[in-house]
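Below is one structure; the comments refer to it alone.
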Amino acid sequence: MVNERAFLGFTIFDIVHILCAVALLIFAFVYKPVDAVKVAESCTEIVMSLLLIAFIDALAKHDEYSKGFKRIYTFAWLVLVASLLIPATFMIPEFFEGQWPEPEVARYLTLLIIRLVLILSVFVVLMLTIFDHMHKIGWLRIMHIAMVLTILYSAFSLTIAFFTIENVAEGIVEFIKETAPLVPSIIGLTLWRNRSAKRIKAPAKAEAQMDEQENKVE
């Protein structure tokens, strides 16, 4: 049986991301002129989080056995990372138009570049799991690499939020939002150490025998 704890991290991530995105969306409209980039980021995060919630509720929780778990779990991670990667790309114009000679601006843009590279790396690593010839490396090993990179991404995002804080309330919301990816990452790294989670890795032969027995009963 699939351990529901595998998807608990995504649920917590979605709830935190939606609530924080709505709050930041309100803050964005408070500023005059309206912070268009912040509005776009918040809307994207809300849409992607709702997509992930719908996916997990409609498909993931109804997959009773470990057959197909890797595909479902990997796709859930891809959606999560996409919700972080897309808003990060909105800052690319600043890389070319920013005033690099100014120390504070240069430091800020450098952190943005590092953050973008990190989350892009997570997306690329997760994409590797799709190709069959990469299975020799090991699906679990690749997933762990992606989770560690996600933790590093959150650390850099918290650093950026600290350096760019202007409004205390908005800063608190940013800090909470940037910690959200840590939850599924930490749960994912510890999931296979849980004895009950070992059922996820049940051999295909055992599943086949179970199906055969059910057919005999019928």
Order Lys38, Lys32, most accessible first, counting only protein heavy atoms with a 1.4 angstrom probe. Lys32, Lys38
For an R0 of 30 angstrom, estimate the FRET efficiency from the Cβ-Cβ distance between Ile172 and Ile113 and round to the nearest 0.05. 0.70
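Put Cys20, Cys43 in order of accessible area, largest first, 1.4 Å probe: what do you get? Mind dumping the intermediate values first?
Values: Cys20 10, Cys43 60 Å².
Ranked list, largest accessible area first: Cys43, Cys20.
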So if R0 is 22 Å, what FRET efficiency would Phe29 and Thr164 give, r being the distance between their Cβ atoms, rounded to the nearest 0.05? 0.70
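For a Förster distance of 35 Å, can you work out the FRET efficiency between the beta-carbons of Ile186 and Ala106, rounded to the nearest 0.05? Don't jump to the answer; show the numbers that get you there.
Working: r = 33 Å, r/R0 = 0.93.
Taking R0 as 35 Å, the efficiency between Ile186 and Ala106 is 0.60.
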Spacing of the two label points (7 Å from each Cα toward its C-beta) at Trp139 and Cys43, in nm: 3.7 nm
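The values are calculated or read from the model by the stated rules, or taken from the named source; none is laboratory data. Just so it is clear, the model here is predicted, and its values are computed rather than measured. As a convention, Cβ positions derive from the backbone with ideal geometry for all residues, glycine included, and neighbour counts pool all protein chains shown. To get the accessible areas, we keep the full protein, side chains included, count just its heavy atoms, and leave off ligands, DNA and RNA. Shrake-Rupley method; radii C 1.70, N 1.55, O 1.52, S 1.80 Å.
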